[in-house]
Structures are given as C-alpha cells and as structure tokens.
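The values are calculated or read from the model by the stated rules, or taken from the named source; none is laboratory data. All values derive from a computational prediction rather than experimental measurement. Every residue, glycine among them, receives a Cβ derived from its backbone with ideal geometry; neighbour counts consider all protein chains shown.
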Amino acid sequence: MNVYGWAQIFLYFLVILALTRPMGNYLYRVFEGERKPFPGIFGAAEYFVYRALMVDKNKEQTWKEYAFSLFIFSFFGILALYALQRLQFFLPFNPQTLEGVTPELAFNTAVSFVTNTNWQAYPGESTMGYLVQMAGLAWQNFLSAGAGIAVAFALARGLTRKANQAKTATIGNFWVDITRCTIYVLLPLSLLGALFLVSQGVIQNINPYREIVTLEGTRQSVAMGPVASQEIIKELGTNGGGFFNANSSHPFENPTPLTNFIEMVLIFLIPAGLTYTYGRMSGNRRQGWVLFCAMAILFMTGTAACYQAESHPNPILAGLPLDHSQGNMEGKEVRFGTSGSALFTVITTAASCGAVNSMHDSYTPMGGLVPLVNIMLGEVVFGGTGAGLYGMLIYAILAVFIAGLMVGRTPEYLGKKIEIREMQYAMAYILIFPVIVLITAAWSAAAPYGAGSVSNGGPHGLSQILYAASSAGGNNGSAFAGLNANTPWWNIMLGIAMLAGRFLMIVPVLAIGGSMAAKKDIPPGPGTFPTDGFLFVILLTGAVIIIGALTFFPALSIGPIVEHFMAQAGRRF
C-alpha cells in the first residue's frame, strides 16, 4: 500500500461525488421534469418510438401492468437473442470460423444479457460473430440497463408521490421509462464515451482477424471487432461481460491507466446519480444523500480491505524466490498495479457490473472475500443501474421498520405507514436471493456434474462455486475464472438462477411501489423516526451488513475465511 494507490482511490471517490449531483439532476429532468433535455433532437426520437409502439405516454400503469410489460419485453428479448446465436452461422460479419453455440449455452447467454448479468461461459472472440455482438449482446446491454432504471423510478414514485396527486394508484409507464432512458441517457453518453475510448486506443472495426508473426517466429491470430461500442455500454449500464475472453484486462478493451479510471467512473456514474434523483423526487435532497452515504461507507470499507490484502504477497508464495515488493501481482496487469486492480474489483462487484481487469481467482483469500461479499450484500453498494437504488430502498424500509419497533410505533417512511403487506414484500425480496445462491451452490458442490468443473480442491474450490452462484443470482456476471462453467449443468442452472435473481426480486419491488403509492400521507409526530440524518445512515448500513452479509457467513466461513487461515499456516489443498 502506498500514497499513489490511496491517491487514486480518493480521487476516484471525489470524482464520483462531484458527478452525483449533475447526473442526478439530468436523470430527474429526463424522467420527472416537465421540460426534457434537448427536445428538438431527443424529443423527436421519443415521439417516433411512441408512434411505432402505439404507446400513449400520458397513460400510466398499475404495478401489475408495469410488471407484465417488463416481463413480456424481457421474454421476447430472450427469444430474439437465443435465435441470433443459434443462427449466427447463416448471418454475415463472422470474422473467422467460430465455435458452435450449443442450445444450453445459447439459453445461458440470452438469459444472461437480458437480465443485465452478462455472465459469459465462452470466449467471446472465438464464439460470437460481429452481428451477434452488435445486434444481440450490445443491444441488450442498453435494454437491460434501461429496464433496471425503469423499475427504480417505479418504486421511487410509489414512495414519494403524495396521496392528493391525480396519479396515486399508478407508478409510471414501463414503455415510456425505458424509451426515455435509452434515448436521453444511455445512447448519447455511450456515443461520447465510445469516441473517447477510440481516441485512447480501443479498437472499433468489422475487419477480419489478422494473422501476425510473433517475435518468436510463430503465427498468431489477433482478434478485431467493434469493441469500443460494446465496451462503453457494458460499463455505463453496469452490464459487464467482455468482447474478449480477457475482458477489461485486454489492451484492446482497456489500454491505459486513463481508460481504466474512466471506465471505473462510468460504472458508478448512473447508480450514484440516482441517489440524488431520489432525493429530488422525495422533496428532501437529504434523503438521497443518506442513501449515498450508506453506499459510500460500504464501498470505502471494502476497497480498503481488498487493497490491503492484495498489497501483500500471497502467503502461499511467500517462500518462493519472487519479487514481492508490488504485493500479489498474480492475475493482474502491470499497467494497473494492485491499487488499480483492487479498486476496479471492488467497483465492479459493488455495482453488479461483472467487468474485470484482473482475475479474481488469483486474489488472496481475503482479497477474494471482498468482491464475494459485495455481491452477497444484494447489489446495493451503489449497485447496478436502477437495481442499486431499489435494493437500498428495500433495506431502508426494513431499517425504518426496525426503528419503529424500537420506539413502539407503526413505522413510517416519507410520511407513509409501512404495514404488514409492505413488510411481507420486503422480506420476500430479502430471502429470495440467499435461497437462489445457497441452493445453487449446495447442489453444484454435492453433484459430480457440478463439482467436476472446479479447478481447485478444498475451500478455494468451494469459493469458486459460491462465487458463480452468487454472481448469477445477484446478476453480477463476474467469475473466479477457475470454474469451467460451459457445461450443460452450469449453463442451465446458472441461467435459471439469473432469471430468478432478476425477475422474482423485481416483483416485490414493484408491489411495494404500487402499495405505497396508494397510501395517504401522515404528518410527522413526536415518535416519527427521522430518515434524513446521520443516525439513519448508521442504521441503514447496519441493516445491510447484518441482514445481507451475515446470511452467508456460515458458507463464507468454510470457503475464503478458512482458506485464509490455512494459507497463513502454509497449508493448501
């Protein structure tokens, strides 16, 4: 650990802090403002989409109608992407002879990209053609990110709208929300960001792969492709995945420390901005900053722990004649170092992004524990686009309920009572994720067709299984990289986990939004617990840690934690 590493970490946080308000204001104008930004350009495109889809932008939906629209939209997205993969040998723009896409791999990949998980059980440059990458994968990167943001706004409207407003029983219109998100936010920012990445050396072409002669005299195929256009939206939309199998450690995706820094900023840009947007929607900006502070505390704590662990040599390698001055550099790029790698790792797992610039499987046990815990917290440490906000709001409801029990009063949040129905929905949201993860991991560890894909024995092998199950159920998409997931079992099982982790958890979120939207306001009284101060930040942070992290503590104890103590003792499987 050195001053330059800490300077990068604090500079990154300050940049995110500085961008939170302007990004939040822009998102508020897009979704809730009377006058939209750039109406002459974006407004015309928005009008065209509504005409093509026959959507009445002034007609809002109940939570059930909103959920139905989202599910139908996602269902046909899965079918279209599945078909593109299965038919890609008949499509143009295939740069070379590609590996076949089996039915179970096509199912896994289609589900992965539609659910904003972007788990990849295949090497991208040798499996997917350019047309599938552009019209299938990159396109779903936009739509899945837009869907998550739409759900966040639906819940926020339910919590913040006052009972005397005309649109009390509704939470917005899904088709309007996803259209505005794509046209006003994701497309323009992606266009500007892609141009920047190209200027820094990220490639963007549809050329055939190039055959070159290496310095050793052998021949090597160098993959080409439309990389910048996919790289930008995978970070901005917290999608993850990669055009290349090496992901964001590949020099064609992430060539310099500057692109590494900008890509990290893009991952947190929208999730952080949404907290400020929520504050504006509630009429009290401090409500948004409370959420931001809770997220920031968890993020900085995880970053410090991961950086500290990776700044020391792996204890298993400590006795070997190696240069350990840079810490644990196995699986990391020299151009990023331990600080740039550890920071990227924490960001990508805190935001459920899934892009990686180093191999998490090579981290020390404690260094690998941090990204695993980030995912297990339920993608609320800024979280995915939209998913981070609505996940943290569920924890805020739980924290208010706990505070209500302390003072012996019916809990209230933003002037609305939280009653049995809302708590049932909230607990369903909280319990669904660990059920998905633990059942998937336990079944895979016990069955030979699951455990046979593990590359390590003992606790590290269990960590690989836990990470895969958590990454799929949490819609993260990153991996420990030591697990062979391209098998029928893993493709199908993780595909089901992704579907459940996305859509089963969205249902209670929208249900809470619909239930809270119809409630009348209650004036604050002497027993009302304030939710816009530092005390609530502590309570909210504690709720996330106690409910989120401790749920998985027994599993973590026999995985990375026991591996850490074994490594300290010089033992390994």
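Do the conditions hold for Phe529, that is, is it aromatic (Phe, Trp, Tyr), surrounded by fewer than 20 Cβ atoms within 10 Å (Cβ to Cβ) and at pLDDT below 90?
No, not satisfied.
Collect the residues in segment 353-384 that are more than 21 Å from Val290 (Cα to Cα), surrounded by 24 or more Cβ atoms within 10 Å (Cβ to Cβ) and small (Gly, Ala, Ser), keeping them in residue-number order.
Of everything in segment 353-384, those that are more than 21 Å from Val290 (Cα to Cα), surrounded by 24 or more Cβ atoms within 10 Å (Cβ to Cβ) and small (Gly, Ala, Ser) turn out to be Gly354, Ala355, Ser358, Gly367, Gly368.
With Gly461, Gly474 as the choices, which residue is crowded, with 17+ Cβ neighbours inside 10 Å, touching a residue at least 60 places away in the same chain (Cβ under 8 Å) and within 30 Å of Gly386 (Cα to Cα)?
Gly474
Does Asn491 count as in contact with a helix residue (DSSP H, G or I) (Cβ under 7 Å, 6 or more places away or on another chain), at pLDDT 90 or above and not in a helix (DSSP H, G or I)?
Considered against the rule, which asks whether it is in contact with a helix residue (DSSP H, G or I) (Cβ under 7 Å, 6 or more places away or on another chain), at pLDDT 90 or above and not in a helix (DSSP H, G or I), Asn491 comes out as no.
What residue, among those in segment 197-246 that are over 25 Å from Ala481 (Cα atoms) and of a type in the set (Asp, Glu), is surrounded by the most Cβ atoms within 10 Å (Cβ to Cβ)?
Across segment 197-246, the extreme among qualifying residues is Glu211.
If the Cβ limit is 6 Å and pairs must be 6+ apart or interchain, which residue in segment 407-422 that is more than 19 Å from Tyr278 (Cα to Cα) and touching a residue at least 12 places away in the same chain (Cβ under 8 Å) pairs with which residue that is part of a helix (DSSP H, G or I) and aromatic (Phe, Trp, Tyr)?
Note: pairs meeting the criteria are Pro411/Phe401.
Among the residues of segment 101-117, is there at least one that is buried (at least 24 other Cβ atoms within 10 Å of the Cβ), of a type in the set (Asp, Glu) and in a helix (DSSP H, G or I)?
No, the conditions are met nowhere in segment 101-117.
Listed residues Phe573, Phe565; which is closer than 30 Å to Glu330 by Cβ, at pLDDT below 90, assigned to a helix (DSSP H, G or I) and among the aromatic types (Phe, Trp, Tyr)?
Criteria check complete, one pass: Phe565.
Sort out for me the helices (runs of 4 or more DSSP H) sitting completely within segment 499-559 that have 2 or more residues that are among the small types (Gly, Ala, Ser).
So the answer is 505-517, 534-543.
Examine segment 173-186 for a residue that is surrounded by 19 or more Cβ atoms within 10 Å (Cβ to Cβ) and not in a helix (DSSP H, G or I), and state whether such a residue exists.
So the first thing to find is which residues in segment 173-186 are surrounded by 19 or more Cβ atoms within 10 Å (Cβ to Cβ), and the list is 173-186.
With the extra rule that they be not in a helix (DSSP H, G or I), the set shrinks to 173.
Checked segment 173-186: at least one residue is surrounded by 19 or more Cβ atoms within 10 Å (Cβ to Cβ) and not in a helix (DSSP H, G or I).
Suppose we keep only residues that are in a loop (DSSP other than H, G, I, E, B) and crowded, with 20+ Cβ neighbours inside 10 Å within segment 247-266. Which one would you say is farthest from the chain's Cα centre (by Cα)? Spell out how you get there, then give the answer.
We begin by selecting, within segment 247-266, every residue in a loop (DSSP other than H, G, I, E, B); these are 250-256.
Subsequent filtering for residues that are crowded, with 20+ Cβ neighbours inside 10 Å retains 250, 252-254.
Working: His250: 20, Phe252: 23, Glu253: 19, Asn254: 19 Å.
Residue satisfying both the conditions and the ranking: Phe252.
Just to be sure I understand, how many residues within segment 7-43 are over 21 Å from the mean Cα position of the chain (by Cα), buried (at least 16 other Cβ atoms within 10 Å of the Cβ), at pLDDT 95 or above and under 18 Å from Glu263 (Cβ atoms)?
So the count comes out to 0.
Considering only residues that are modelled with pLDDT of 90 or more and part of a loop (DSSP other than H, G, I, E, B), look in segment 224-243 and name the one that is nearest to Ile267 (Cα to Cα).
Among residues in segment 224-243 that are modelled with pLDDT of 90 or more and part of a loop (DSSP other than H, G, I, E, B), the one nearest to Ile267 (Cα to Cα) is Thr238.
Take the residues of segment 518-555 that are among the aliphatic types (A, V, I, L, M) and touching a Phe, Trp or Tyr at 6+ places or on another chain (Cβ under 8 Å): which is nearest to Gly158 (Cα to Cα)?
Step by step, filter segment 518-555, then rank; the result is Leu540.
Examine segment 44-60 for a residue that is part of a helix (DSSP H, G or I), at pLDDT 95 or above and loosely packed, with under 13 Cβ neighbours inside 10 Å, and state whether such a residue exists. Before the answer, list the steps.
Applying the first criterion (part of a helix (DSSP H, G or I)) to segment 44-60 yields 44-53.
Still in the running and at pLDDT 95 or above: none.
No: segment 44-60 contains no residue that is part of a helix (DSSP H, G or I), at pLDDT 95 or above and loosely packed, with under 13 Cβ neighbours inside 10 Å.
Against the condition without any contact (Cβ under 8 Å) to a residue 24 or more places away in the chain, among the hydrophobic types (A, V, I, L, M, F, W, C) and assigned to a helix (DSSP H, G or I), how does Val435 come out, does it pass?
yes
With the requirement that a residue be modelled with pLDDT under 95 and either charged (D, E, K, R) or over 26 Å from Tyr47 (Cβ atoms) (or both), what does segment 158-179 give you?
Passing the criteria: Gly158, Leu159, Thr160, Arg161, Lys162, Ala163, Asn164, Lys167, Thr168, Ala169.
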